[in-house]
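The values are calculated or read from the model by the stated rules, or taken from the named source; none is laboratory data. Since we're looking at a predicted model, the values are computed, not measured. Quick reminder, even Gly has a Cβ in these numbers, built from the backbone with ideal geometry, and neighbours come from all protein chains shown.
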């Protein structure tokens, strides 16, 4: 995993990444050619970030488990030092002591941060698959002349013209009086 990609990931909070994803996933139906041309690059960028976030989560999880296991061994080796019964301390007491250690808390905090990044960025792939479908649908609508043809029936147009004409005639009569 490149450090530069991890640095790029950590420059923003998970909430900022979520907002950025929302903005970049939007489709401008009036610039479909540009949107379609940039789709693969956007997908690639977000997929790379999602992969880095996933690796970061896995590494953080491994680090947390390792630190917790080492601290647990330390407590089991000398339970009296940690205020536990010397002979056979209870499992729950050992876990409570270990989970209260600063290094374990810090590792857990980092793991949860990595987990949050991973979860938020894991939706990027689905988001851009949906964006690709939306681009295709918008293109089909343009090709099918959905945006360029009128759906008003001719008889409705005639009624509107009559109403406009009547309105003009009434105004002319008011002006003459």
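Key figures for this structure:
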| quantity | calculated |
| --- | --- |
| Selected residue [on the phi < 0 side of the Ramachandran plot and touching a helix residue (DSSP H, G or I) at 6+ places or on another chain (Cβ under 9 Å)] from 58, 163, 168, 153 | 58 |
| Per-region count, segment 10-24, residues closer than 16 Å to residue 114 by Cβ and surrounded by 13 or more Cβ atoms within 10 Å (Cβ to Cβ) | 6 |
| Neighbours by Cβ (under 8 Å, 6+ apart or cross-chain): first from segment 124-153, modelled with pLDDT under 85; second surrounded by fewer than 10 Cβ atoms within 10 Å (Cβ to Cβ) | 142/148 |
| Unique match (being farther than 26 Å from residue 101 by Cα and modelled with pLDDT of 90 or more) among 66, 72, 16 | 16 |
| Spans of helices (runs of 4 or more DSSP H) in segment 1-106 with at least 3 residues over 22 Å from the mean Cα position of the chain (by Cα) and more than 30 Å from residue 140 (Cβ to Cβ) | 32-77, 91-99 |
| Failed criterion for residue 25 (all others in (1) under 24 Å from residue 110 (Cα atoms); (2) touching a residue at least 24 places away in the same chain (Cβ under 8 Å); (3) in contact with a helix residue (DSSP H, G or I) (Cβ under 7 Å, 6 or more places away or on another chain) hold) | (1) |
| Test: residue in segment 37-45 that is out of contact with any strand residue (DSSP E or B) (no Cβ under 8 Å at 6 or more places or on another chain) and under 27 Å from residue 99 (Cβ atoms) | no |
